[in-house]
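Presented below is the structure to which this report refers.
The values are calculated or read from the model by the stated rules, or taken from the named source; none is laboratory data. Just so it is clear, the model here is predicted, and its values are computed rather than measured. Here the Cβ positions follow ideal geometry from the backbone for every residue, glycine too, while neighbour counts run over all protein chains shown.
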Amino acid sequence: MSRGIYITANDRVIEQAIALLNSIRLHDSDIPVVLIPYDDKYQAIAKILQERYGVQLYPDLQFIDRLSNQLHQIFGENFFARPNQFRKQACWFGVFDKFIYIDTDIVVFEKLSNSLNYLNDYDFICCDYQHAGGIKNVFTSPVIEDDVFSSYEIQDIFNGGFWGSKKNLISEKTLYDTFTECAAYPEYFDFSQKTSDQPIINYMVLKHIPRRFNIVRRPGGAPGSWAGSKHFRIQGNQLIDPNVNQPLQYLHWAGIRIEPGCPYWDIWKYYRYLNEPLPNDDSFQQTPKSFWDSLVDKVKRL
């Protein structure tokens, strides 16, 4: 049984991808990693990740294009803010029998093979406290009012940046059928923060994969993982969650721009420049913001 990690990335997130792969390889030098290109501009990052970390390119790029295009066309060309997020659904049909998917705005603090072991007993895993914040960024209140999911099932919602499952557990037909169902009831989903794929994949997993497990529910509890949490205690180049007195498994800058002054910047910088000279913050060059992101920032300031 082959096991490994999928990531999605393009040339705009080279810095983040290097930090992520540095952290993965620090703890696990052998686990295979496959890159799913986020768009057509991936040649530079693919070359860097292959040469430095042995990352392989997803073998069927035409399939990725066909799958993602058909998925977001079900809702309409202009419905989603970031339709390319759906390219990660190629995970279900890739080279690994058991896999973890990880966003690039993450660094990990442990060997991810440990998390893959949960798939010996479950068909789907996640590791976050998304459910603790209610249903925002996933569902809206009508999904509860119309009894689409029970209150018990709602407790299994998860963040789309870190999850794992098994090859072919979801079929291509199930993907298309699920998206068609969701397109018929867009009022059930919270897309307000540009979380294009997260609401849909949550719906699909809750509907079709009953044997699921959130690692934060393991005996003895588990630490948080969101960089927006201010209570983590820095210990060397790792973080401790004092609520459970455990080191973090990973840190996710979801919704946070990684740049000097951001939460836990020194942690991210350590992993980005692992085995390289550490630059001054003044010399750090992050990918320029898109027009849309700049506009959102301007509106927030107003």
Checklist entry - Does P83 satisfy the criteria of being touching a strand residue (DSSP E or B) at 6+ places or on another chain (Cβ under 8 Å), surrounded by fewer than 21 Cβ atoms within 10 Å (Cβ to Cβ) and not hydrophobic (A, V, I, L, M, F, W, C)? => result no
Item to check | Pick from segment 256-286, criterion acidic (D, E) and in a loop (DSSP other than H, G, I, E, B), ranking: surrounded by the most Cβ atoms within 10 Å (Cβ to Cβ) | outcome: E259
Checklist entry - Only one residue in D121, D65 is modelled with pLDDT under 95, more than 19 Å from the chain's Cα centre (by Cα) and acidic (D, E). Which one? => result D65
Item to check | Scan of segment 205-221 for residues that are among the hydrophobic types (A, V, I, L, M, F, W, C) and buried (at least 20 other Cβ atoms within 10 Å of the Cβ), ordered by number | outcome: V205, L206, V216
Checklist entry - When you look at C127, is it under 30 Å from C262 (Cα atoms), of a type outside the set (A, V, I, L, M) and modelled with pLDDT of 95 or more, yes or no? => result yes
Next on the checklist: For segment 1-43, give me each residue that is among the β-branched types (V, I, T) and either modelled with pLDDT under 95 or more than 16 Å from V107 (Cβ to Cβ) (or both).
Outcome noted: T8, V34, I36
Item to check | Every residue from segment 140-169 that is touching a Ser or Thr at 6+ places or on another chain (Cβ under 8 Å) and surrounded by fewer than 22 Cβ atoms within 10 Å (Cβ to Cβ) | outcome: I144
Checklist entry - Mind checking which pairs have a first residue in segment 246-257 that is small (G, A, S) and a second that is crowded, with 16+ Cβ neighbours inside 10 Å, Cβ under 7 Å, 6 or more apart or different chains? => result A254/D105; A254/N159; A254/G161; A254/W226
Item to check | Options Y38, Y58, Y42: the member that is farther than 21 Å from F179 by Cβ and either in contact with a Leu (Cβ under 8 Å, 6 or more places away or on another chain) or of a type in the set (S, T, Y) (or both) | outcome: Y42
Checklist entry - When segment 54-73 is examined, which residues are found to be of a type in the set (F, W, Y) and surrounded by 17 or more Cβ atoms within 10 Å (Cβ to Cβ)? => result Y58
Next on the checklist: What's the total number of residues in segment 239-255 that are of a type in the set (A, V, I, L, M, F, W, C) and surrounded by fewer than 16 Cβ atoms within 10 Å (Cβ to Cβ)?
Outcome noted: 1
Checklist entry - In segment 1-98, which helices (runs of 4 or more DSSP H) lie fully inside it and hold 1 or more residues that are in contact with a Cys (Cβ under 8 Å, 6 or more places away or on another chain)? => result 61-75
Checklist outcome for this item: Among helices (runs of 4 or more DSSP H) entirely inside segment 108-212, those with 2 or more residues being in contact with a Lys or Arg (Cβ under 9 Å, 6 or more places away or on another chain) and touching a residue at least 60 places away in the same chain (Cβ under 8 Å) are 113-116, 198-208
Next on the checklist: So if I check each of G76, G4, G94, which one is surrounded by fewer than 15 Cβ atoms within 10 Å (Cβ to Cβ) and not polar (S, T, N, Q)?
Outcome noted: G76
